[in-house]
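The values are calculated or read from the model by the stated rules, or taken from the named source; none is laboratory data. Nothing here was measured: the structure is a model prediction, and the numbers come from that model. Reconstructed Cβ throughout: ideal geometry from the backbone, glycine too, with neighbour counts over all protein chains shown. Areas reflect the complete protein model, heavy atoms only, side chains present, ligands, DNA and RNA absent. Shrake-Rupley method; radii C 1.70, N 1.55, O 1.52, S 1.80 Å.
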Amino acid sequence: MTAPDHDRPRAESAGSTPVHPPRRRPLQRLVPAPLLSLALLGLWLVLNRSLSVGHFALGGLMGIAIPLLTAGLRPLPVRIRKPGVVLRLALTVAKDTVLSNVTVARLLLSPASRKHPAGFVHIPLDLRDPNGLAVLAMVVCITPGTAWAELSLDRSMLLLHVLEVDDPEGIVAQVKERYERPLMEIFE
């Protein structure tokens, strides 16, 4: 008796490694994100302030159902290539956030000190990794005075709203050098 075609390994070319689709065990299919499932169960129990069997069952059901239903919304698995760059980027973002807070506070407390109007800046992007783009969006949005406005469909252009635009080319250079380049080192 021969094995069905779907159970046979795929043909390999000379010098290549076998190409097998990753197999997931039945438990992995049922609970794709075990930590998320446990967190949801715990949150359900805390919010209901009850350890009854019914709440355990309902919380467990939600802990299994929600990750299954939202699997398509979860980001792709990440392999961080340079942890030192992550630390350097985090320090850069922290410093920029503090300086930007001071600038925005100055503009709010004395509007007459504003030298340039707000505006939009188009930033060409080389970063294509979806996780890297998500981190870039968070970095831009937590820095006061800037907001991610739009990303082109081909992910090649970012439209950034800036509270005070004095030098659009300088803003482009700053975003690319301080944020995009390190993110490319980390994710690509």
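Angle between the Cα long axis of helix 130-142 and the longest principal axis of the chain, 0 to 90 degrees, nearest 10? So the inclination is approximately 40 degrees. Helix-only arithmetic for the chain: the sum of -39500 (n - 2.57) across DSSP H runs with n ≥ 4, divided by the residue total, places the mean residue ellipticity at 222 nm at -15500 deg cm²/dmol. When Rg/Rh (Cα atoms, Kirkwood Rh) is computed from the coordinates, the matching label among (i) 1.20; (ii) 1.02; (iii) 1.13 is (iii). Nonpolar atom fraction for the chain, defined as the carbon and sulfur part of the 1.4 Å probe accessible area, stands at 67 percent. Would you mind classifying region 103-159 by shape? Square roots of the alpha carbon gyration tensor eigenvalues, ordered a ≥ b ≥ c; an a/c under 1.5 is rounded, otherwise it is prolate if a/b is larger than b/c and oblate if not. Taking the square roots of the gyration eigenvalues as a ≥ b ≥ c, region 103-159 is prolate.
Which Cα, out of Phe120, Met138, Gly60, lies furthest along the positive dipole direction of the chain (beta carbon charges, K/R +1, D/E -1)? So the residue we want is Gly60. When only alpha carbons are used to place a centre, region 40-116 and region 161-175 end up 26 Å from one another.
With respect to the chain, whose longest principal axis is taken over its alpha-carbon atoms, helix 34-48 is tilted by about 80°. Counting only lysines at least 8 places from Lys82 when in the same chain, those with an alpha carbon closer than 29 Å to its own are Lys95, Lys176. Rounded to the nearest 20 debye, the dipole size of the chain about its Cα centre is 740 debye, using +1 on the Cβ of Lys and Arg and -1 on the Cβ of Asp and Glu. Cross-link partners for Lys115 among the lysines, with Cα-Cα distance under 18 Å and sequence neighbours closer than 8 places in the same chain left out, do not exist in this structure.
Exposed loop sites here mean trypsin sites (Lys or Arg not before Pro) with a DSSP loop assignment and at most 15 other beta-carbon atoms within 10 Å; the chain contains its longest site-free run at 156-188. Relative to the longest principal axis of the Cα atoms of the chain, helix 53-69 runs at roughly 70 degrees.
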